[in-house]
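Engineer: Sharing a structure here in structure tokens format.
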Amino acid sequence: PKVDLATGDIIGMEALLRWQSPELGEIGPERFIPVTEDNGMILPLGAWVIEEACCQAKAWLDEGLFAGNVAVNISGIQIRRGDLPELVRRILHKTGLSAGTLELEVTEGFIMEEPERAIKILNELRDLGLTLAIDDFGTGYSSLSYLKSLPIHHLKIDKSFIRDIPGDKNDMAITQAIIAMATSLDIELVAEGVETETQRQFLIDEGCRYGQGYLFNKPLRAAEMQQLLQAQDRQQQAG
């Protein structure tokens, strides 16, 4: 879940991928995604993830449980080798999901590898009405001249900077700088990896509105997320 840091209300979510191997158990994306990128399976896998996320979001919208957006991580390979805007257009048409409900996240590192191509593709995606975010911001050595040209809505502050707040003064300073920069550029921020009340309050005080992390919820299966959304809906109706 992605939440409002001040209230704890769910305002969106990020779709996560895990490989349930009969032989090896649960395998995280840091292990299997590089393999799929090397062998080309990232293209059909990535398309499947987008469609599944859109189908689930549409189902929750139809039940009146969900009013935010669902974010899906995009591999640089999908941008480099696939016709991503056309793929997304087809999936949105097939599922009936409004484009504004889908958010695509691309890593800062890939954008800086091929900034001109990335800007072109991201502009095409934004023209569809999607929300766009840079994931793991602060780890990819961004050029600020490119950053101001990117058609993005959100920056996601990498969890490596949040993890050691308040113990690491350098991480606090970097986070403050990212928040100040994004505020000046009128870009919304999401802090990843929020695990303590101290971190939450620090981010609020510095001007970051949204966050994700174990302080609020662990990653949830769809059925668990639905229960959470239903509980929030009941609470809002009662209030």
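The values are calculated or read from the model by the stated rules, or taken from the named source; none is laboratory data. Predicted model, so just to flag it, every value in this text is computed and none were measured. When we count neighbours, we look across all protein chains shown, and the Cβ atoms used for this are built from the backbone with ideal geometry, even at glycine. These accessible areas exclude ligands, DNA and RNA; they are computed on the full protein's heavy atoms, side chains included. Shrake-Rupley method; radii C 1.70, N 1.55, O 1.52, S 1.80 Å.
Engineer: Considering only the range 161-175, I want to know if a residue exists there that is farther than 21 Å from I119 by Cα and in contact with a strand residue (DSSP E or B) (Cβ under 8 Å, 6 or more places away or on another chain).
Structural biologist: Yes, the range 161-175 contains at least one residue that is farther than 21 Å from I119 by Cα and in contact with a strand residue (DSSP E or B) (Cβ under 8 Å, 6 or more places away or on another chain).
Engineer: Please go through the range 112-134 and pick out each residue that is under 14 Å from A182 (Cβ atoms) and touching a residue at least 60 places away in the same chain (Cβ under 8 Å).
Structural biologist: Listed by number, the list holds a single entry, A133.
Engineer: Same structure, new question: Would you be able to say whether some residue in the range 74-96 is outside any helix (DSSP H, G or I) and either touching a residue at least 60 places away in the same chain (Cβ under 8 Å) or touching a Pro at 6+ places or on another chain (Cβ under 9 Å) (or both)?
Structural biologist: no
Engineer: May I pose another question? Please work out which one of (1) under 17 Å from F66 (Cα atoms); (2) among the polar types (S, T, N, Q); (3) not in a helix (DSSP H, G or I) is the condition Q236 fails and give its number.
Structural biologist: (3)
Engineer: Which of the residues that make up the range 77-101 are β-branched (V, I, T), farther than 20 Å from K58 by Cα and open to solvent by 10 Å² or more (accessible area, probe 1.4 Å)?
Structural biologist: Of everything in the range 77-101, just one residue is β-branched (V, I, T), farther than 20 Å from K58 by Cα and open to solvent by 10 Å² or more (accessible area, probe 1.4 Å), namely I77.
Engineer: Across the range 54-70, what is the total count of residues that are part of a helix (DSSP H, G or I) and open to solvent by 30 Å² or more (accessible area, probe 1.4 Å)? Reasoning before the result, please.
Structural biologist: Within the range 54-70, the first condition is being part of a helix (DSSP H, G or I), and the residues that meet it are 54-62.
Narrowing the set further to residues that are open to solvent by 30 Å² or more (accessible area, probe 1.4 Å) leaves 55-56, 58-59, 61-62.
Final tally of qualifying residues: 6.
Engineer: Does E195 qualify as being farther than 20 Å from E103 by Cα and touching a Phe, Trp or Tyr at 6+ places or on another chain (Cβ under 6 Å)?
Structural biologist: Answer is yes for this residue.
Engineer: Another one. What strands (runs of 3 or more DSSP E), lying completely within the range 1-53, carry at least 2 residues that are open to solvent by 20 Å² or more (accessible area, probe 1.4 Å) and farther than 22 Å from A191 by Cα?
Structural biologist: It comes to 19-21, 25-27.
Engineer: Within the group P219, P166, which residue is out of contact with any Cys (no Cβ under 7 Å at 6 or more places or on another chain) and in contact (Cβ under 8 Å) with a residue 60 or more places away in the chain?
Structural biologist: Testing whether each residue is out of contact with any Cys (no Cβ under 7 Å at 6 or more places or on another chain) and in contact (Cβ under 8 Å) with a residue 60 or more places away in the chain leaves just P219.
Engineer: Also, I was wondering about something else. State yes or no: is L185 closer than 30 Å to W60 by Cα and not aromatic (F, W, Y)?
Structural biologist: no
Engineer: A follow-up question, please. Considering P151, P166, which residue is over 20 Å from Q201 (Cα atoms), over 15 Å from the mean Cα position of the chain (by Cα) and not hydroxyl-bearing (S, T, Y)?
Structural biologist: Result of the check over P151, P166: P151.
Engineer: Would you confirm whether any residue within the range 65-83 is out of contact with any helix residue (DSSP H, G or I) (no Cβ under 6 Å at 6 or more places or on another chain), farther than 21 Å from I119 by Cα and of a type outside the set (D, E)?
Structural biologist: Filtering the range 65-83 for residues out of contact with any helix residue (DSSP H, G or I) (no Cβ under 6 Å at 6 or more places or on another chain) gives 67-68, 71, 73-74, 80-81, 83.
Next, only the ones that are farther than 21 Å from I119 by Cα stay: 67-68.
Pick out the ones that are also of a type outside the set (D, E) and you get 67-68.
Yes.
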